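Contents: one structure, followed by commentary.
Just so you know, all these numbers are worked out from the coordinates, no wet-lab data involved. Note that the structure is predicted; figures quoted are calculated from it, not measured.
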Amino acid sequence: MKYLIPHIMKLLSGGEGKNVTHTRTRSLSGGCTSNAFEVETSFGTLFVKTNSAVDFPDMFYAEVKGLLLLASTKTVGIPPHPEVMVLT
């Protein structure tokens, strides 16, 4: 996860002169396919999942699609702005 933090901070900063800083990362449990983390930043707290884009190339895209469909029903609370970032 340590190697992802600079990429996440750059993405959150958005090139608009914002300086988003990382304050803490905590490993979460419960999943069996992906690694999950809580990442605290000056922007806010993020839920980050990691896995292999080689082994599971479309998994997170399908998950985001499902989350957006669930959000559109307005029946279940879904965190705003699910995103997929692929790093090679």
Compute the length gained on full extension between Leu68 and Phe56: take 0.36 nm times their separation in residues and subtract their Cα-Cα distance, giving the result in nm to one decimal. 2.3 nm
For a test of the definition: using alpha carbon positions, the gyration tensor, and the 1.5 limit on a/c, classify the range 1-50 as rounded, prolate or oblate. prolate
Got the relative contact order for the chain handy, in percent, Cα pairs under 8 Å and 6 or more residues apart? 16 percent
Taking the structure as given and computing Kirkwood radius over Cα pairs in Å, which label from (1) 14.4; (2) 12.7; (3) 13.4 fits? (1)
